[in-house]
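Just so it is clear, none of the values below were taken in a lab; they were calculated from the coordinates. Keep in mind the model is a prediction, meaning the values are calculated, not measured. Note that we place each Cβ from the backbone using ideal geometry, even for glycine, and neighbour counts take in every protein chain shown.
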Amino acid sequence: MTTGGEIQNYGPVLFYYDLYPEKIESIGKVKKVITKRGTFALKEAVMEDGEREWFTHVIQRLSEIGFHQVVPLYPTKYGDYTVKQGSKVYYLMPWFPSSGERRGAYQDEVLIDHIARIHALTVKEQDFSPEVAEHSLQYLMGRWESRQYEMERFTEMAEQRTYMSPFELTYLSHFHQTMRMAEDAKRSLNNWYEGCKREKRYRSVLCHGKVSRSHLLYSQTGEGHLFNFEKAVLDTPVRDLAMYFRKAAHKSSWNRDDGLSMLRQYEKQFPLVYEERELLISYLSFPEPIFNAVDAYQNNSKLSQIEMVHVLESRLSAMKRIRDFCEHLSRFPLAGEQNPADPNIHNKDGHI
């Protein structure tokens, strides 16, 4: 519903596009802007100046290297692709119809296919550095062990109570299983490190950074387009995959076969190598979502005890599905080795 205040708030931003809104509807952080010139989507974000430049570069570069399934940005009348107003940044896109009628596996297939294509188009073999690999191992291992220690302290304090809360009872009944997940994650991380040392390789790709069905829209022709590249970054392809599988596992209907099916879909275009497979298992296996639920409980979450128990149980169930998936993933045959990247898609500094 449009209010005079909304038009007044966003009028200064839309001025840069010579747009005069007749109606504005709020849909999350996106504003549906209806004008005489058509309907547009105005996205709100928080980005520093350097992040704004990188964001614009990513969108333009993807088009240059042949990936056109991105929701395009409209330039302002001054040629800029973002507008800064106070602490917020805005950018304008065409309005795409709702994708609500496209559900389930179809959306996941399109999403995974697009992510795999971006990874394949932007992959770069990095110069392998044993020192960098060891630093990464030690940093993550230290962080995980610190988190385990925090959870052990929480367990000790809960066990000392005469009457434990429902949340504490639920957590303690799964404590040993949760710690085993953490140990599995560390073991796979060591496998990643040993594999990197043995093969002397490391690949980076352009990661979307916020892989989600909600960031996939469909044009009137039915073609899926990605948006929200605000957190895009050059990193291991595992970054995007781990985010996707972790979110997928929170659906109660999801199972390991769904996960393996999506991995096959992904590897049709971008096969993972051994080290990346181990890193994916490592990222997924570490029970950070469970630990985060404990953090929220300790920090006096606004949720009730029963609601906090439901959050914890949901995350425990998701991690159980993840563990089942990872056990089968470790035995899942590698699709093959990826050929070296085409050097022509990177600039002289090795960036996309």
Can you tell which of I322, I27, I59 shows the greatest fluctuation in a Gaussian network model of the chain with Cα springs below 10 Å? I27
Here the gain from full extension of V132 to I65, 0.36 nm per residue of separation minus their alpha-carbon distance, amounts to 21.2 nm
Rank S219, S301, S285 by mean-square fluctuation in a GNM of the chain with C-alpha springs under 10 angstrom and give only the top-ranked residue. S301
Under a Cβ-Cβ cut-off of 15 Å, what is the net charge of the residues other than K210 that fall near it, where Lys and Arg count +1 and Asp and Glu count -1? +2
Compute the signed sum of charges (Lys and Arg +1, Asp and Glu -1) over the other residues within less than 15 Å, Cβ to Cβ, of P94. +3
For the chain, give the magnitude of the charge dipole about the Cα centre (Cβ charges: +1 Lys/Arg, -1 Asp/Glu; no others), in debye to the nearest 20. 740
Tell me the relative contact order for the chain as a rounded percent, counting alpha carbon contacts under 8 Å between residues six or more apart. 19
Residue separation between Y20 and Y274 times 0.36 nm, minus their alpha-carbon distance, gives in nm 86.0 nm
Which of the GluC sites (Glu not before Pro) across region 195-286 are loop residues per DSSP, with 12 or fewer other Cβ within 10 Å? E223
In terms of the charge dipole of the chain, which places +1 on Lys and Arg and -1 on Asp and Glu at the beta carbon, the residue among A185, L279, Y297 farthest towards the positive end is Y297
Per DSSP helix of 4 or more residues, -39500 (n - 2.57); summed, then divided by the residues of the chain. What does that give at 222 nm, rounded to the nearest 500? -17000 deg cm²/dmol
Give, as a single signed number, the net charge of other residues whose beta carbon lies under 15 Å from the beta carbon of T155, with Lys and Arg counted +1 and Asp and Glu -1. -2
Just to be sure I understand the model, the point goes 7 Å from the Cα along the line to the Cβ. What's the resulting S330 to E156 distance in nm? 2.9
Please rank S317, S253, fewest neighbouring Cβ atoms within 10 Å first, as an exposure proxy. S253, S317
Over region 186-240, one equal point on each Cα, no solvent: what is log10 I(q)/I(0) by the Debye formula at q = 0.20 Å⁻¹? -0.80
Exposed-loop cut sites defined as chymotrypsin sites (Phe, Trp or Tyr not before Pro) in DSSP loop states with at most 13 other Cβ within 10 angstrom; longest site-free run of the chain spans 164-352
Residue of Q298, Q107, Q265 that the Gaussian network model of the chain assigns the largest fluctuation, springs spanning Cα pairs under 10 Å: Q298
Only four residue types carry charge here, +1 at the Cβ of Lys and Arg and -1 at the Cβ of Asp and Glu. Report the dipole size of region 137-269 about the Cα centre in Debye, rounded to the nearest 20. 440
What is the dipole size for region 4-94, taken about its Cα centre, with +1 at each Lys and Arg Cβ and -1 at each Asp and Glu Cβ, in debye to the nearest 20? 280
